[in-house]
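Have a look at the structure below before the remarks.
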Amino acid sequence: MESSDDAIISKTLDGIITSWNPAAERLFGYRAEEILGRPISVLMPPERSDDMEAILGRIRRGEKVDHYETVRVSKDGRLIPVSLSVSPVKDGDGRIVGAAKIARDISGRKFAEAERERLLREAQQGVQLRDIFLSVAGHELRTPLNTLKLQLFNLGRSLTSPQQAAAVAKAEHEVDRLAALTDRLLDVARMAAGGFAMEPAPMDLSELAADVVARMANDASRAGCSIEVSAPDPVIGTWDRSGLDQILTNLLSNAIKFGQGHPIRVTVEGLRGGARVRVRDYGIGVAEADRERIFERFERGVSERSFGGLGLGLWIAQQIVTAHGGRIGVHAVDGPGAEFFVELPDRVGS
Amino acid sequence: MQILLVDDDSPSVEALREMLEYEGLHVVWVPNGLEALRRLREPNDYCVILLDLMMPVLDGYGFREQQLQDPALASIPVIVITADGQAREKAKQLGADVFFRKPISPPDLLRAIRQYCRYEPGPTASSTPNSPNS
């Protein structure tokens, strides 16, 4: 008892203190001679005054009280969170005559718990704010872009010279680029925070490929590239359509950008247990050393000056493919250019 | 033949209105779904509704739900114009005939409107339909 780190206190059934060890002296600040004979209520803060009956009541019935967490007050008025274990003390005839209490200072643990709760609350608020930001940001950024594009169109109609019309057309194109870049930034923000939500549903990959190619036809012809699609049969699977749309759009957009005006070929194939899409261009190609690096965030195969963009498209594509349980990469080809491939299991996560 | 434009963003509305009126279309604008329903219950000849989705008071989804419940209003075609990334899915959920994602392509929008509204096309219709910036 003398060498214990826990405060050990004995009291009568009326709560009068009958023993007090050195640890109790350290914990509560009272020397033994100034507290022996005084009521245990000296240690209780007013709001805990029912503790005494709660504990002593059970002791009188012969019950033990364990891990009772409460608060006591020291000699200098500090409140100390404690955990109590109280046992009945019996005399030689087995009658309960008092209680022996072990009090452990748990202020360290209480502090850590409070800190953890505070941090958790802050993190939850942060996540909520981020989610609100992401859902609002996309809308807020695209709305003025829309107005800008409409006003450019209105302006273009009142101009007469071909140079002026061409300038307006270029400005409209830049607005489209801004919109696409905004989307990518928001995607990255969402994905980096682990918030990419997929909605897999049965769909036809061949049909999607044809859709995306049709949508990019204008961009392709402006760059002098023709796109050929080889997807003769439906390729059905359970995938997130808008995710796959993004991947194909990105691969095609790269093929057009780096294709140097040569043809592009898109192939969709069913595999056993899955599917594969390949996008082949005949342009500047990807050096072997770069084949993995280009999928990292903000990495690009070429200098910023010659080809605009944020260097995020392939990283985003990889996040989406990984979420589907698939693979994406680029492999060596005979001749110039590169072939990017995406392999998917026939359902997400299988 | 009138167009009902439902959108709470005034710069968007102003630009769109100018574009449509130049084509000879008559535009009635309301800032939210509730006002749109009020207008639709007055005598009108709207050939199409251009519907934004994110609006206060009553948004595009709320408006569409009520429009479809009223047989007098349900058959008026709706073109959804939204900044939302899931524009295609949202439009399908709403049963909208056509959707455009902001920033929209003006020639494409005009072509879509002409499917529902019989009017004398203005000067823009004479330019090539697949101009490079469409």
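The values are calculated or read from the model by the stated rules, or taken from the named source; none is laboratory data. Only a predicted model underlies this, so the values are computations on that prediction, with no experimental measurement involved. When we count neighbours, we look across all protein chains shown, and the Cβ atoms used for this are built from the backbone with ideal geometry, even at glycine. Heads up: the accessible areas ignore ligands, DNA and RNA and are worked out on the full protein's heavy atoms, side chains in. Shrake-Rupley method; radii C 1.70, N 1.55, O 1.52, S 1.80 Å.
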**Request:** Counting helices only, and only those DSSP H runs with n ≥ 4, report the 222 nm mean residue ellipticity of the protein assembly as shown as the sum of -39,500 (n - 2.57) divided by its residues, in deg cm²/dmol to the nearest 500.
**Result:** -13500 deg cm²/dmol
**Asked** Just checking the protein assembly as shown: which Cys have no other cysteine's beta-carbon under 4.7 Å?
**Response** A:C225
**Electrostatic dipole magnitude of chain B [Cβ: Lys, Arg +1; Asp, Glu -1; Cα centre; debye, to 20]** = 380
**Request:** Please name whichever of A:S41, B:L58, B:Y22 sits farthest to the positive end of the charge dipole of the protein assembly as shown, dipole taken about the Cα centre and charges placed at Cβ: Lys and Arg +1, Asp and Glu -1.
**Result:** A:S41
**Request:** Kindly tabulate the residues in segment A:147-175 with an accessible-area decrease of at least 50 Å² between the chain alone and the assembly of all protein chains, using a probe of 1.4 Å.
**Result:** A:T147, A:K149, A:L150, A:F153, A:N154, A:R157
**Prompt:** With contacts defined as alpha carbon pairs under 8 Å and 6 or more residues apart, what's the relative contact order of chain A in percent?
**Reply:** 10
**Request:** State the percent of C-alpha pairs, over all pairs in segment A:140-256, separated by a distance greater than 18 angstrom.
**Result:** 65
**Fill in**
The orientation-averaged projected area of the Cα convex hull of segment A:85-151, in nm², is 7.2
**Prompt:** Hey, could you pull the Cα Rg and Dmax for the protein assembly as shown, both in Å?
**Reply:** 36.0, 116
**Asked** Given a 1.4 Å probe and every protein chain left where it sits, what share in percent of the accessible area of the protein assembly as shown is carbon and sulfur?
**Response** 53
**segment A:128-175 - Rg and Dmax from Cα coordinates, angstrom** = 15.3, 51
**Asked** Taking only Cα atoms, what is the 0 to 90° angle, nearest 10, from helix A:51-60's long axis to the longest principal axis of chain A?
**Response** 60
**Complete:** With every protein chain in place, the accessible area of A:Y282 for a 1.4 Å probe, in Å² rounded to the nearest 10, comes to 90
**Asked** Considering lysine pairs in the protein assembly as shown that are 8 or more places apart or on different chains, how many have Cα atoms under 14 Å apart?
**Response** 8
**Request:** Could you pull the Rg and Dmax for segment A:215-303, using just the Cα atoms, both in Å?
**Result:** 14.1, 40
**Complete:** Interface residues of segment B:1-45, defined as losing at least 50 Å² of accessible area versus the chain alone with a 1.4 Å probe, are B:A15
**Prompt:** Convex hull over the alpha-carbon atoms of segment A:244-296: what's its volume per residue in Å³?
**Reply:** 105
**Prompt:** Once Rh is set to the Kirkwood radius over Cα pairs, what Stokes-Einstein translational diffusion coefficient, in µm²/s, holds for segment B:60-103 at a temperature of 37 °C and a viscosity of 0.692 mPa s?
**Reply:** 308
**Message:** Suppose all protein chains stay in the model; what accessible area per residue would a 1.4 Å probe give for segment B:26-109, in Å²?
**Reply:** 43
**Counting all C-alpha pairs of segment A:230-274, share separated by more than 13 Å (%)** = 66
**Prompt:** In debye to the nearest 20, how big a dipole does segment A:179-250 give about its Cα centre with +1 on each Lys and Arg Cβ and -1 on each Asp and Glu Cβ?
**Reply:** 300
**Request:** Please list the equivalent ellipsoid semi-axes of segment A:69-222, computed as the square roots of five times the alpha-carbon gyration tensor eigenvalues, in descending order and whole angstrom.
**Result:** 72, 22, 9
**Prompt:** What ³J(HN,Hα) values, in whole Hz, does the Karplus curve 6.51 cos²θ - 1.76 cosθ + 1.60 give for segment A:14-22 when θ = phi - 60°, with x put for Gly and Pro?
**Reply:** 8, x, 8, 6, 10, 8, 7, 8, x
**Request:** Please give the per residue volume of the convex hull enclosing the alpha carbon atoms of segment B:1-71, rounded to a whole number of Å³.
**Result:** 73
**Fill in**
Per 5 angstrom bin, beginning at 0 and ending with the bin that holds the maximum distance, the Cα pairs of segment A:13-58 fall in percents of 5, 21, 29, 23, 19, 4
**Request:** Rounded to the nearest 100 Å², what's the accessible area chains A and B bury against each other, both chains counted, probe 1.4 Å?
**Result:** 2300
**Fill in**
Here the Cα Rg-to-2.2 N^0.38 Å ratio for segment A:1-139 is 1.48
**Asked** A:S10 accessible area, nearest 10 Å², 1.4 Å probe?
**Response** 30
**Fill in**
Rh (Kirkwood, all Cα-Cα pairs) for chain B, Å, reads 15.0
